[in-house]
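Peer 1: There's a structure below that I have some questions on.
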Amino acid sequence: MISLSLVRGFLIKEFKQVLRDSRMRFILFVAPIIQLFLFGVAISTDVKNIRLWSNVNNTDYVLQHVYERSVGSKWFMPAARSGEAEPYALLRGKKIDAALVPPPGGLTKALGYGAADLQLLIDATNVIQAQSVEAYVKNIVTRAVLEDLKIEPVASPINFVARVLFNPMLETTYFMVPGVMCLLMCVASVVLTNASISKEKERGTFEMLISAPISSTEVILGKTLPYVIIAMADFPLILLAAIAIFGVPMRGSVLILFFAALAFVCSTVAIGTLISTFTKNQQQSMLGGVLFIFPAILLSGLMFPIENMPTFMRLVSYCNPLSHFLLLLRNIMLKGGETNFILFHVGVLLLMAIIFVCISFKRFHTTLR
């Protein structure tokens, strides 16, 4: 026979043990509501806010109509003007997402001779976005021909040519595998660092280390640097699997990619250390790691384009190290790596690492007094 009083005693004990800590109550009840609200606002499968570029001059009124119709829609936005007039360089540096390239002399002049080619260059590192861009622009060109030139679409004099760059076959693996690489590196660094420090705190040995005749800086470095090394030791294996098994191209410098990975690992290890300052045991550290990793993945651009998110959520995404490393992986592996782009995002990752390390050190000094 089952003793109901005994079961009731166990229930009371477990509930008290789990809920007596205010941090655990926050993790269990408040954090899921916050995440649900953020994801409901931020996540959208629609493709919009595509940065469209075209070197439109005042005499080419047909191209100007097509471009104005595009940026006037809910899908496109005008790309910021740059000193570079070469659309390929702009696409490679992730300054634009697509470019309309008219024939020499302009689209209007070419149509005066009877027919014209209008080329659309698309950055296909994001496969989902690339597929939508081509369909959007083709639809806009068709309407412009019908309404502005008064020509039926079947007899359109504009020959629309889409050229897909950096992933011409629109391979989904080229888009997804760098994201999985980013995820694996994040898990290896954040979870291991967080769990290691929380384990020491749960056993009561971390305070013993702090009280030993060594500085707290030496203790924290001793507890975090091994996981930087472990994560970086995993990276060659992950990279080799991506290239050899899934066929993802490696068009950039491997050395630069390793340096970018090191900057990313330093930032995520610092985040793991920071999370451990808010937890008392391994159970809390595990839940804290999940609460960071899950939103970080969804807000990184791995599955949902960052450009689709509201302005506030885009700002949050730019504070996410996964979004910067994912951009670096796709840029270096698929595009060959653009110098200014790499320097900017690696610099952001290193700045994040420094900020999180400084906050972690301050937190350790505060909580261990």
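The values are calculated or read from the model by the stated rules, or taken from the named source; none is laboratory data. All of these numbers come straight from a predicted model, not from anything done at the bench. Quick reminder, even Gly has a Cβ in these numbers, built from the backbone with ideal geometry, and neighbours come from all protein chains shown.
Peer 1: Just a yes or no: is a residue in segment 256-271 more than 20 Å from the chain's Cα centre (by Cα), assigned to a helix (DSSP H, G or I) and of a type outside the set (D, E, K, R)? Working first, answer last.
Peer 2: If we filter segment 256-271 for residues that are more than 20 Å from the chain's Cα centre (by Cα), which is where we start, we get none.
No, segment 256-271 has no match at all.
Peer 1: Given the residues M286, M309, M303, M313, which is the only one that is surrounded by fewer than 24 Cβ atoms within 10 Å (Cβ to Cβ), in the same structural domain as L257 (by TED's automatic domain parsing) and closer than 30 Å to E202 by Cβ? Quick ask: steps written out before the conclusion?
Peer 2: Details: M309 fails: closer than 30 Å to E202 by Cβ; M303 fails: closer than 30 Å to E202 by Cβ; M313 fails: closer than 30 Å to E202 by Cβ.
Sole residue among the options that is surrounded by fewer than 24 Cβ atoms within 10 Å (Cβ to Cβ), in the same structural domain as L257 (by TED's automatic domain parsing) and closer than 30 Å to E202 by Cβ: M286.
Peer 1: Say we look at segment 54-70 and pick out the residues that are among the polar types (S, T, N, Q) and part of a helix (DSSP H, G or I); which of these is nearest to R143 (Cα to Cα)? Walk me through it before giving the result.
Peer 2: Step one: list which residues in segment 54-70 are among the polar types (S, T, N, Q), which gives 54-55, 57-59, 64, 70.
So of that shortlist, the ones also part of a helix (DSSP H, G or I) come out as 64, 70.
Numbers: Q64: 14, S70: 11 Å.
My answer is S70.
Peer 1: Check whether at least one residue in segment 311-324 is modelled with pLDDT under 90, closer than 26 Å to L170 by Cβ and either assigned to a helix (DSSP H, G or I) or of a type outside the set (S, T, N, Q) (or both), and report yes or no.
Peer 2: yes
Peer 1: Hey, can you tell me all the residues within segment 155-196 that are under 14 Å from the mean Cα position of the chain (by Cα) and modelled with pLDDT under 80?
Peer 2: none
Peer 1: Which one of these does F278 not meet: (1) out of contact with any Lys or Arg (no Cβ under 7 Å at 6 or more places or on another chain); (2) part of a loop (DSSP other than H, G, I, E, B); (3) within 22 Å of E202 (Cβ to Cβ)?
Peer 2: The single condition F278 does not satisfy is (1).
Peer 1: A further question on this structure: Is there a residue being within 29 Å of I306 (Cβ to Cβ), at pLDDT below 85, under 34 Å from the mean Cα position of the chain (by Cα) and of a type in the set (A, V, I, L, M, F, W, C) anywhere in segment 100-121? Give the derivation first.
Peer 2: Filtering segment 100-121 down to residues within 29 Å of I306 (Cβ to Cβ) leaves 100-101, 118-121.
Then drop every residue that is not at pLDDT below 85, which leaves none.
There is no residue in segment 100-121 that is within 29 Å of I306 (Cβ to Cβ), at pLDDT below 85, under 34 Å from the mean Cα position of the chain (by Cα) and of a type in the set (A, V, I, L, M, F, W, C).
Peer 1: Six or more apart or on different chains, Cβ under 7 Å: which pairs go from a residue in segment 244-267 that's touching a residue at least 40 places away in the same chain (Cβ under 8 Å) to one that's part of a loop (DSSP other than H, G, I, E, B)? Could you list them?
Peer 2: From residues that are touching a residue at least 40 places away in the same chain (Cβ under 8 Å), the pairs are R251/G336; G252/G336; G252/G337; S253/G337; I256/G337.
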